[in-house]
Amino acid sequence: MNNLAILWPREERPLHHPTPFGRDVHAGLRAGAKAIPAKYFYDSHGSELFEQICRLPEYYPTRTERKILLDNAAEIAAIIGADVEVVEFGAGAAEKVRLLLDALPRPAGYLPIDISGPHLTAAVAPLASRYPDVTIRVVAGDFTQALPLPAPLPQARCRVGFFPGSTIGNFTPDEALAFLRNAATMLRSSTASGAGLLIGVDLVKDPAVLHAAYNDSAGVTAAFNLNLLQRINRELNGDFDLGSFDHYAFYQPDQHRIEMHLVSRHAQVVTVCDQRYSFAAGESIHTENSYKYTPAGFRQLAEKAGFRPAAMWTDEDSLFSLHWLALPDA
Ligand code: AVJ
């Protein structure tokens, strides 16, 4: 296939330094309130578990967003137009982008970015044969950091960002603002107009519905949460006993967010990379935030980042929203 390129940006990582994962785990377990960034859930087993979550009856976001995309494909395509390069942030299994590429008239390029490089590369290969006229350039990297992107495709009129799934919910409002500003910089080009960001955002709703989505009866979300400890054991030579921690997820109405934690069932000491960390009984590791927005609240955030909220679609139960944020010329 000659329309597919894989780009691995070289990381500045001297050999005697631990990996970013090791550094963040160490800092997170040493802190007074223990916490590990949610982006580390996605090793290959974690990515698989997340795909299982997306198919759970209680987890409404994935299927609701798919339906919103399908039901409004013609209108979305008319707004975005032809000859764009789609830049996807956190492409994962690269499934939803098919709906967009199928809807758009003559898409020129697809540039998925994901922290799980091997997973993404495998996921994208079938796209290269299915969309032979789309130039696909895979970037393995962390889009929450400043990431060098290849120059825009010469045959593309502009870049359009795609950030589905409410991944933005993992960021605090401050981090979300920083992400949006960074995305604006990556998508904007001095010559072309028409750029923008198509972004899926989970909505504030009945806390019981939210609670069920993060406490599924099959226990897949619990396994997804606990897999983080398994990953630490394997990659950082840890000795976490997975049976000594409980999955705990709840909705925090004041902050409009689900919090996920791993709670220590008893007092214990855990060793990771020869460092010892002690846990009191009931002490938790905060592993994820998943923020929910009102439509107006999200539009306000987008405007603050320099976008012009130009359209929004939702489902009939107002569970989930898809926003088109236009990017005014610089
Ligand atoms: C991928 C961040 C959107 O917050 O709903 C699913 C991750 N965590 N179940 C979410 C997740 C637990 C998911 N995001």
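Every read-out reported here was derived from the displayed coordinates using simple, explicitly stated rules and does not represent laboratory data. All figures in this text were calculated on a predicted structure; none of them were measured in a lab. In this analysis, Cβ positions are derived from the backbone assuming ideal geometry, glycine residues included, and neighbour counts consider all displayed protein chains.
In percent, rounded to a whole number, the relative contact order of the chain is 21, using alpha-carbon pairs under 8 Å and six or more apart.
Rounded to the nearest 0.05, what FRET efficiency do Cys273 and Lys205 give with R0 = 45 Å and r taken as the Cβ-Cβ distance? Could you check? Once the sixth-power term is evaluated, E becomes 0.65. Among the lysines, which fall within straight-line cross-link reach of Lys205, defined as a Cα-Cα distance under 22 Å, with same-chain neighbours fewer than 8 residues apart omitted? By straight Cα distance, Lys205 reaches Lys67, Lys292.
What is the extension gain from Arg106 to Ser318, computed as 0.36 nm multiplied by their sequence separation minus the C-alpha to C-alpha distance, in nm to one decimal?
73.2 nm
Taking every pair of distinct Cα atoms and averaging 1/r, then inverting, what Kirkwood hydrodynamic radius in Å comes out for segment 82-223? That comes to 16.3 Å for segment 82-223. What are the aspartates and glutamates whose alpha-carbon lies under 16 Å from the alpha-carbon of Lys304, with same-chain residues fewer than 8 places away excluded? The qualifying aspartates and glutamates are Asp174, Glu175, Asp329. Our estimate of slack between Lys67 and Gln155, defined as 0.36 nm per intervening residue step minus the Cα-Cα distance, is 28.6 nm. Averaging 1/r over every pair of different alpha carbons in segment 271-319 and inverting the result gives a Kirkwood radius of 15.3 Å.
At full extension, Arg98 and Thr294 could sit 67.8 nm farther apart than now, given 0.36 nm per residue minus the alpha carbon distance. Among Val269, Val138, Val201, a tally of other beta-carbon atoms within 10 Å of each Cβ gives an order, fewest to most, of Val269, Val138, Val201.
Taken along the Cα-to-beta-carbon direction at a fixed 7 Å, the label points for Ser244 and Ala125 span 4.0 nm. With N counted as the residues of segment 20-112, its alpha-carbon radius of gyration over 2.2 N^0.38 Å works out to 1.43.
For the options Ile115, Ile199, Ile232, a Gaussian network treatment of the chain with springs between C-alpha atoms closer than 10 Å singles out Ile232 as fluctuating the most. For the chain, taking the reciprocal of the average inverse distance between every pair of different Cα atoms yields a Kirkwood hydrodynamic radius of 20.8 Å.
Any idea what log10 I(q)/I(0) is at q = 0.15, 0.24, 0.32 Å⁻¹ for segment 223-275, Debye with uniform C-alpha scatterers and no solvent? Results for segment 223-275 at q = 0.15, 0.24, 0.32 Å⁻¹ read -0.49, -0.91, -1.22. Assuming charge only on the beta carbon of Lys and Arg (+1) and of Asp and Glu (-1), the dipole of the chain about its Cα centre is about 620 debye to the nearest 20. Cα extents for segment 193-330 along the principal axes, largest to smallest and rounded to whole angstrom: 54, 36, 25.
Taking Cα atoms only, the orientation of helix 44-54 departs from the longest principal axis of the chain by about 70 degrees.
Ranking Tyr131, Thr172, Thr185 by Cα position along the charge dipole of the chain, where only Lys, Arg, Asp and Glu carry charges on their C-beta atoms, puts Thr185 farthest toward the positive end. Rg/Rh for segment 68-107 (Cα atoms only, Rh after Kirkwood) is 0.95. Ellipticity at 222 nm from helices only: DSSP H runs of n ≥ 4 in the chain, each -39500 (n - 2.57), divided by the residue count, give -10500 deg cm²/dmol.
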